[in-house]
Amino acid sequence: MAPDVENSQSNSNQKTLHVWSKPIEQPDETQGQGGGNKVNNTRPTISDAFGIIKTEDFTNVHNTPCARQGFLTGIAAGAGVGGLRFVLRGNAVKAANWAVGMFVLGSMASYEYCQYLRRAERIQMKRHIEVVSENKREQARKAAEEKKEQMQREKGRIAAQKSWYKFW
């Protein structure tokens with residue numbers, strides 16, 4: 001899923017989710033301060049969390065950044081630890097439990113690390129863009145100053161070519 005650049009830069013005062021780059025929807029605070037309407041300040045429940053999950057979320061997992069790397073790392077970690085546990089202890093049920101646990105843990109760790117690297121890269125790219133635009137502004141300023149100096153030199157040269165005397 002590519003971030004929606006046009007909508008994310010529309011209002012710089014909005015909070016933004018770093019993972020998806022979409023503005024966080026917040027309730028309007030003016031409604032609860034004298035308008036008579038009360039803002040619901042209760043914490044979200046688990047049923048609220050499950051209510052926002054859609055089937056498209058599961059069918060489009062492959063489009064999520066870092067999901068492939070996370071799953072592959074989790075599979076490798078689960079298979080490695082589960083196989084090693086089975087070879088060393090000989091209990092298949094406990095080895096399977098360890099394999100599933102390491103799959104989940106390895107997948108989450110790899111996914112979060114990949115997301116961290118993406119956020120760091122995004123910050124670094126913003127900084128590079130700022131530096132480049134700053135350099136372009138500096139070059140434009142220097143070019144304008146040089147053009148102004150050249151115009152002054154040209155005026156001085158034209159004034160020097162004029163004769164110091166006048167005929168009536």
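Each value in this text was obtained by applying a stated rule to the coordinates, not by laboratory testing. Being a predicted model, the structure only gives us computed values, none of them experimental. Because the Cβ atoms are built from the backbone with ideal geometry, glycine has one as well, and the counts that use them run over all protein chains shown.
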Inset, instruction - Quickly work out the H62-to-R157 label distance, labels modelled 7 Å from Cα along the C-beta direction, and quote it in nm with one decimal. - result: 6.7
Inset, instruction - Report the FRET efficiency, 1/(1 + (r/R0)^6), for L88 and R127, where r is their Cβ-Cβ distance and R0 is 41 Å, rounded to 0.05. - result: 0.25
Inset, instruction - Kindly rank 110-120, 56-66 from highest to lowest mean number of other beta carbons found within 10 Å of each residue. - result: 110-120, 56-66
